[in-house]
Amino acid sequence: MNRHRFEPARLLLGLLLVGGALMYVLDALGEWRVPVWAQLAALPVALVLAAFTAWTTFAVRRRLRRRVAAPPALGGMPMDDLREGYGRGEGGPSGRSGGNG
Amino acid sequence: MCPTVRRGHHGRMTEDEHASSDRPPPQGDAATSVHETAGETPGPPVRKLTRSRRPKVVGGVCAGLGRYFDLDPVIFRVPLVVLSVVGGLGLVFYGFAWLLIPAEDEQQNEARWLLSGRVEGTTLSAILVALVGCGLFLASLGNSSTPFSLLIGGAVFGAAYWSHHRRQAEAAEAVGAPVDPTTAHAVADAPPEAQAPPVPSTPSWWREPLTKDGSGARDTGYLWGPDDQVAQRTSRRLAGGGIRWRGERRGRPLGGLISMLASAAAVIGTVAGWDSRPLGTSLTVGLACALAVYGVGLAVSAFVGRVGFGTIFLVVVTAVMLTGASLIPKSIGTDWGDVVWTPVSASDVENAYRLDAGVGELDLRNVRFTGARKTVRTHAQLGLGTLRVVVPHDVTVALDARVGVGEVRQYRESDFGGSTVVESLSGFDKHQRTTLEPPDDHKSKGTVELSVDAEIGQLEIVRLPSVERPSGERSGGEGPSGQRPDAEPPGSAPRGDREEGR
């Protein structure tokens, strides 16, 4: 399987779930007394935290992407097509092929 | 739903033409051929009923229907809302349409996705809509709204069908085929519909061949610019590979594997301590194992593979079940069954009786309250189920009952078979401390001090009638049955009867 981009939200949710499961088991076996409200709140808190992490990751990545793509160095003019040569129109995105306006 | 509707309809029309082709034979043939070619070749292709992606409000069903029937989607939306509010039928229809009609850029519908194990948010909401609709519909069945709903539905369907039919008749007339006489009058002689200007597919002016005389027909004498093949290639790619399968983008789906492992972990964890631990603990351990497997799977999917909302959904379900299991009282064990305790004498009554789960009966009818043993003290503990305590008619019961969730009932049998509820107390975490005196015309011969601790269930105190009757009936009615011993001469034969009865 190929590795993909790191997703912190899933890692966080997974770790929280493992921790929650451990908490439940210890409580059931009598090793560790956990108050009932903590048991009830564990999963919603984990989900909310994971959702917040996912949102933060998305926002940060979008911001980075926008910053990278931000400076449009004199694009959009037919001259630029000329300047860069049409060869890249073959492999590039099809939108570039029409510098004809 | 039926992608070949249009073609099938053409087939029918051509058959009609053949049937009526005696009058104008040549024209009919020509029309037929034209028609068939028109049906096959590009034009507007066979229209398929799909859910619309772009103009959509909830699931795109109405927009898709409107596109399919050439109607304004509002014509579907308004009756749908009315039907949903009135009887829930609209929601039923919407949910199932959402499940069964594929979206326009996908080949399979949501029900298929569901069956193949990939549950996503849209599928869940479709199911939810259908479920809510079914509930509303069932709740309103007794109402008088059902005929009204059916009338509205029928009207909308009729309008859609009429519109569909009319468009087809118009199309046929445009081609030149004779119109079906029944629909001829339905076709309005309106001017042809305005159409969008054709998309310019030829190269723009500066790409025109320089030689205008036509001799150098396709010499692609562009001054500059890319070849046309680039555009062709992109369009072919769009047509062929346009359908993006789910999960293609972010690695292989892991959901099935994870849920399988989690189920196995749940079973193993539950079975491991089934005999030695109480029910709640076993279930909690098993479900926590499943949750841990889900957690590990999610952590792995942060790097490799992907999980969808289906897995998250299963995680939530597992966690809810886990919370429920952890709240099961620890006194409920896994040893379930029906027990009858029949002490023969006062000294035979044990100090404590204990039942994990099931139906228990403590039968004190044979206990003699004479002499020094005026008072019998006992304790009963019940995890889950029903505990029935049968006492003779002439005994005072000092009851100290604690019920977690459930009910305390006191019966007095007025007649055999039919029992009267004297008092009933039900609810959460009830604690009752009463003294039940024998009926008026009897003098108390003894006292039973009974303390009961029941987690979930029902505690019944049944007082036997004093009248002697032939045997055959039992105290509470529906409980574990046995022979009724004769009440008055106590301590004699009846115990053997009961043992056989069990």
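The values are calculated or read from the model by the stated rules, or taken from the named source; none is laboratory data. Since the structure is predicted, the reported quantities are computational estimates derived from the model, not experimental observations. Because the Cβ atoms are built from the backbone with ideal geometry, glycine has one as well, and the counts that use them run over all protein chains shown.
General observations
- Residues of the range B:309-341 classified as closer than 21 Å to B:ALA266 by Cα, buried (at least 18 other Cβ atoms within 10 Å of the Cβ) and small (Gly, Ala, Ser), total: 5
- The range B:342-370: number of residues that are farther than 21 Å from B:GLY406 by Cβ, of a type in the set (Val, Ile, Thr) and surrounded by fewer than 21 Cβ atoms within 10 Å (Cβ to Cβ): 4
- Among the residues of the range A:17-46, those that are more than 7 Å from chain B (Cβ to nearest Cβ) and buried (at least 19 other Cβ atoms within 10 Å of the Cβ) comprise A:ALA42, A:ALA46.
- Single residue of the range B:257-277 satisfying the filter (in contact with a helix residue (DSSP H, G or I) (Cβ under 9 Å, 6 or more places away or on another chain), more than 19 Å from B:ILE332 (Cα to Cα) and surrounded by fewer than 21 Cβ atoms within 10 Å (Cβ to Cβ)) that is nearest to the other protein chains (Cβ to nearest Cβ): B:LEU257
- For beta carbons closer than 7 Å, sequence separation of 6+ or different chains, a first residue in the range B:46-68 that is of a type in the set (A, V, I, L, M, F, W, C) and a second that is assigned to a strand (DSSP E or B), the qualifying pairs are B:VAL61/B:ARG51.
- For the range B:278-289, filtering for residues that are in contact (Cβ under 8 Å) with a residue 24 or more places away in the chain and at the interface with chain A (Cβ under 8 Å from one of its Cβ atoms) leaves 6.
- Odd one out for B:LEU114, checked against (1) in a helix (DSSP H, G or I); (2) of a type outside the set (Asp, Glu); (3) over 30 Å from B:MET260 (Cβ atoms): (3)
- Meeting the requirement of 3 or more residues that are modelled with pLDDT of 60 or more and touching a helix residue (DSSP H, G or I) at 6+ places or on another chain (Cβ under 7 Å), the helices (runs of 4 or more DSSP H) wholly within the range A:30-101 are A:36-69.
- Selection of strands (runs of 3 or more DSSP E) fully inside the range B:293-407 by the criterion of at least 3 residues being over 29 Å from the mean Cα position of the chain (by Cα) and either within 14 Å of chain A (Cβ to nearest Cβ) or at pLDDT 85 or above (or both) returns B:352-363, B:375-391.
- Of all residues in the range B:387-405, exactly one satisfies the criterion of being buried (at least 24 other Cβ atoms within 10 Å of the Cβ) and touching a Gly at 6+ places or on another chain (Cβ under 6 Å), namely B:LEU387.
- Within the range B:72-92, the set of residues being surrounded by 15 or more Cβ atoms within 10 Å (Cβ to Cβ), modelled with pLDDT of 85 or more and either assigned to a loop (DSSP other than H, G, I, E, B) or among the aromatic types (Phe, Trp, Tyr) (or both) comprises B:PHE76 only.
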